[in-house]
Amino acid sequence: MARITPLPPTFNKAHLHAVLPSVDHDEAARMNFTSSISAFVNTQLSPGVRLAYENDVQPASPAPQSATDIRDAMLAHPFYQTWAALRRNNQEVAKQIALDIAVRRMPQVNARAAALNAGKNTLSLDPELTPPEYLTQVENHCAPGGYFQQFGADDVTVGVAYEVGLWPVGMGSLGPAGEGGGRAAVKWIGERFPNFKPKRILDLGAGHGSNTLPLAEAFPDAEVVAMDASEPLMRYGHARAQAMGYGSVRFVQATIESLDPAVHGTFDWVHTTMVWHETSAQALREGFRRIHAVLNPGGVTTHFEQPNFTPDTKLFDQFLRDWDAWYNNEPFWSKLHRMDMTEELVAAGFERSNIVDGSAPALIPPGSYPSWSGLTGRHEHEVRTVAKAIGPGSYNGKGWYVFGAVK
Ligand SMILES: C[S@@+](CC[C@H](N)C(=O)[O-])C[C@H]1O[C@@H](n2cnc3c(N)ncnc32)[C@H](O)[C@@H]1O
């Protein structure tokens, strides 16, 4: 029976704000096109890769010992070539469109951001900062300019491009303001620790802060710090937060590797969303040690990522999900998914009995999208893994892998 492709929400459902107040009709149509192609490739074509393997490649190959063996065997198959090329091409197109939208508005957006940032003591930039090489040597997820490109003084162009470019990749499932991860984290922490009242919250690798703002909304009395190595993202995120009514959230340009209680103070909650797959094993270990050092006793650290592989993750599923490492400029993606986060947190100083490991459903504000929104996963395996962990009935088709610890 033919599958139905649940088309993603259209870009006019995105929540824009005073720094980026609108995109025009043709730009929105381009976003909708790439978003729909993503949904089509993921929903309609991905099952064909499995059929190509099971029907053509597997019977003619020695038993695979690893996901790489499957990839090596699949490389010559025309269906895999077509699927992988379409995904790569669509990613390139989506990110180019997002950058184009940002570049066309550069003078106006930079002026608005500068006006919103002027005279505020909640934005702290570090002109001397050297970003880690693992971030500057690649343009993660094929975003031209990466996180650091600046077209002049006070430029925020890559911030706009990042925000707009998330839409076709998440296919709207990250929420209208890209805040679904932050909302899910607030809900998760409230259910898990109902009496938790953090006074200082750190969102590490916060990007443009879309997932930081729900933390500030949930804990209005807390001091909330969004920290990231990227100067333009911090500048854009700060202006965006000001424009959206979150004037007290602090934006601090710093690296995870420099996190230091003597410099940044201590925190009751240290959170990340979608950060560790873009670092390195060395940076992750250093980061966990530093998080342990800045956490107050009784403090909590939580991390929202795509699910890691488990002993029962099939090699074929690993091969499919490794696509991002091979073709989407996410070099640490594969290694992260094979790491044991409990062991890493224990090695960083957390008690084994205080580790948390689970899943959280994506949280899209009700009524903002059509009812079928969020049904399109990037990978069937991600969807199945989280669905299994959360259990039937509470799962809307996408979700987060959650790991962390109490100090
Ligand atoms: C995929 S983005 C996620 C951003 C944001 N958390 C969100 O949910 O949209 C990863 C972010 O982590 C930041 N990052 C990665 N490694 C870092 C490091 N060592 N120090 C500071 N920021 C880092 C990047 O600059 C980037 O903004």
- Once amide hydrogens are built 1.01 Å from N within the peptide plane, the residues lying 5 or more places from Leu295 or on another chain with amide H under 5 Å from its amide H are Phe267
- Message: Rounded to the nearest 5, what % of DSSP beta bridges with both residues in the chain are antiparallel?
- Response: 40 percent
- Query: Roughly what % antiparallel, to the nearest 5, for the DSSP beta bridges in segment 171-406?
  - Reply: 40 percent
- Message: Beyond a 27 Å Cα-Cα separation, which of these cross-linked pairs lie in this structure: Lys187/Lys314; Lys13/Lys199; Lys95/Lys120; Lys120/Lys187; Lys13/Lys187; Lys187/Lys407?
- Response: Lys187/Lys314; Lys13/Lys199; Lys95/Lys120; Lys120/Lys187
- Rounded to the nearest 500, the 222 nm mean residue ellipticity computed for the chain from DSSP H runs (n ≥ 4, each -39500 (n - 2.57)) alone is -12500 deg cm²/dmol
- Pull up the cross-link candidates among the aspartates and glutamates for Lys335, meaning alpha carbon to alpha carbon under 12 Å and not fewer than 8 places away within one chain. Glu278, Asp322, Asp324
- Message: Apply the Karplus curve 6.51 cos²θ - 1.76 cosθ + 1.60, θ = phi - 60°, to the phi angles in segment 31-42 and return the couplings in whole Hz, x for Gly and Pro.
- Response: 4, 4, 5, 5, 5, 5, 5, 4, 4, 5, 5, 5
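Please compute the Kirkwood hydrodynamic radius of the chain from all pairs of different C-alpha atoms, in Å with one decimal. Before the final figure, lay out each step's value.
Numbers: mean 1/r = 0.0460 Å⁻¹.
One over the average 1/r among Cα pairs gives 21.7 Å for the chain.
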- Note on the structure: Candidate cut points under trypsin sites (Lys or Arg not before Pro) in segment 1-75, DSSP loop plus at most 11 other Cβ atoms within 10 Å of their own Cβ, are Arg3
- Length-normalised contact order of the chain, Cα under 8 Å, at least 6 apart, in percent, tallies to 19 percent
- Query: What residues qualify as long-range amide H neighbours of Trp400, i.e. H under 5 Å apart, gap of 5 or more or another chain, H built at 1.01 Å from N?
  - Reply: Ala360, Ala362
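Suppose every K and R has +1 on its Cβ and every D and E has -1 on its Cβ; what is the size of the dipole of the chain about the Cα centre, in Debye to the nearest 20? Please report the intermediate quantities before stating the final value.
Details: 34 positive and 42 negative charges, 178 e Å.
The dipole of the chain has a size of about 860 debye.
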- Report Rg/Rh for segment 171-406, rounded to two decimals, where Rg is the Cα radius of gyration and Rh the Kirkwood radius. 0.94
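Bear in mind that the values in this text are calculations on the coordinates, not laboratory data. Remember, predicted model here, so these are calculated numbers, not experimental data. Quick reminder, even Gly has a Cβ in these numbers, built from the backbone with ideal geometry, and neighbours come from all protein chains shown.
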